[in-house]
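Contents: one structure, followed by commentary.
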Amino acid sequence: MDKTCSIVQDLLPLYEEDMLREETKEFVDGHLAQCAACRAELDALKADVKPAPFSAQPLRDLKRQLRRKKLTAVLLAVTLALTLATAGFAYLTAPQYLPYSETEWAISRSPSALADDGSAADGLSDLSGAESISVSLLVPVSGAEVTNTQDPNSGKTIYFITAWRTPLDTWRGAFDKTGGAPNTHSANDRTQREADALQGVLAKAESARTLFTLDAANCTAVCYSQNNGQDDVLLCGSMNGGIISLPRLALGYYALLSLALLITLGIAFFVCRRKKTGKALGYLALIPASYLAGHLLVKGFTTTSYQMQRDFSLIILAAALIYAAVMLAINLWRQKREKV
């Protein structure tokens, strides 16, 4: 192999990639036209040159990361929407208990009581001999319930009835009065006034409904619980002294327990933040923090409840949604920090 062939064969890789200057390329072309050995070397080089394999894995990884970020963002938005919906539901359906002055009752017993002369008597102060008591409310309400307890003195049953309205029903106009006011244009028309008055009476009677039929076989009294710190009102029967229905205090205890756990776990996280357990302690601290946030959304700063099961269930639901939203937000923040 002479010196020219050595030079040309060193230039063949660049020649194959078309990276030579025009003058050098013409030199190589002229030599290849005369040298069979260099042409064979060029053919061998072409046979050995293979395109670099293309890998789609980086694109798949990028697509997977983008899809995961999008899914996390959607789940976060849905969780926040559900949290706000829970708070709205808790407010709109919160019971607003009616004081006795805003209620009208119709109470009857079966069988009816008889006076000494055999005529019908009221029979609502003494329930002896009664088998059942029917209680009807003459004003529209959102809901009502009855509870009972045993009189420690007589051992007989005392029933407590309570009724409430909700902001949602009030906003919907479910309690608007109908037919109660006479037509001003017919104020001097006696017939029109009588018709309007009759319509009001019929409308009120139409709204009346029997709330409960109570077993009076061992009943001593039926009371209306106002749930506003005032004495319960005796509807029928008799009892010694007054009674006040008090709210449950458990929500306040749960809030204090959550606050104590949050402080304890927060201190532990601060101490162990550089250790492996610090991350786990941080996630654990989010649990009582979420409960406190859920309590604020559902009950505000109120720690008492007359409907413990309802309020506690809504607080737990709101806390779970808040915790999920925080975890999704942390996950989304970490995904954005990752290098694509």
Worksheet item: In this structure, does THR149 turn out to be under 28 Å from GLY300 (Cβ atoms), modelled with pLDDT of 85 or more and not hydrophobic (A, V, I, L, M, F, W, C)?
Response: no
Item to complete: Find all pairs meeting these conditions: Cβ atoms under 6 angstrom apart; at least six residues apart or on different chains; first residue within region 304-320 and acidic (Asp, Glu); second residue open to solvent by less than 30 Å² (accessible area, probe 1.4 Å).
Response: ASP311/SER305
Worksheet item: Filter region 236-289 for residues that are under 30 Å from VAL146 (Cα atoms) and part of a helix (DSSP H, G or I); which is most open to solvent (accessible area, probe 1.4 Å)?
Response: TYR253
Discussion item. Given the condition in a helix (DSSP H, G or I), modelled with pLDDT under 80 and either among the small types (Gly, Ala, Ser) or open to solvent by less than 80 Å² (accessible area, probe 1.4 Å) (or both), answer yes or no: does some residue in region 34-54 qualify?
Written reply: yes
Discussion item. Could you go through region 65-81 and let me know if any residue there is more than 24 Å from GLN307 (Cα to Cα), at pLDDT below 85 and open to solvent by less than 70 Å² (accessible area, probe 1.4 Å).
Written reply: yes
Worksheet item: When you go through (1) open to solvent by less than 50 Å² (accessible area, probe 1.4 Å); (2) modelled with pLDDT under 85 one by one for ARG60, which number turns out not to apply?
Response: (1)
Item to complete: Scan region 154-179 for residues that are closer than 12 Å to MET239 by Cβ, at pLDDT 80 or above and either surrounded by fewer than 18 Cβ atoms within 10 Å (Cβ to Cβ) or not aliphatic (A, V, I, L, M) (or both) and jot them down.
Response: LYS156, THR157, TYR159, PHE160
Worksheet item: Hey, among the residues in region 137-150 that are among the hydroxyl-bearing types (Ser, Thr, Tyr) and surrounded by fewer than 16 Cβ atoms within 10 Å (Cβ to Cβ), which one's farthest from the chain's Cα centre (by Cα)?
Response: THR149
Worksheet entry | Selection from region 21-33 of residues that are open to solvent by less than 90 Å² (accessible area, probe 1.4 Å) and either in contact with a Lys or Arg (Cβ under 6 Å, 6 or more places away or on another chain) or farther than 12 Å from ILE7 by Cβ (or both) | LYS25, ASP29, GLY30, LEU32, ALA33
Worksheet entry | Given (1) more than 18 Å from ALA318 (Cβ to Cβ); (2) in contact with a helix residue (DSSP H, G or I) (Cβ under 8 Å, 6 or more places away or on another chain); (3) open to solvent by 50 Å² or more (accessible area, probe 1.4 Å), index of the condition LEU297 fails | (1)
Fill in: Residue that is touching a residue at least 60 places away in the same chain (Cβ under 8 Å) and within 24 Å of ALA324 (Cα to Cα), where the choices are LEU259, LEU251, LEU286, LEU281
LEU251
Worksheet item: Quick one: TYR100 ticks every box in (1) under 30 Å from THR170 (Cβ atoms); (2) at pLDDT below 85 bar one, so which box is it?
Response: (2)
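The values are calculated or read from the model by the stated rules, or taken from the named source; none is laboratory data. All values reported here derive from a predicted model rather than from experimental measurement. Backbone-built Cβ (ideal geometry, glycine too); neighbour counts: all protein chains shown. All accessible areas refer to the heavy atoms of the entire protein, side chains included, with ligands and DNA or RNA removed. Shrake-Rupley method; radii C 1.70, N 1.55, O 1.52, S 1.80 Å.
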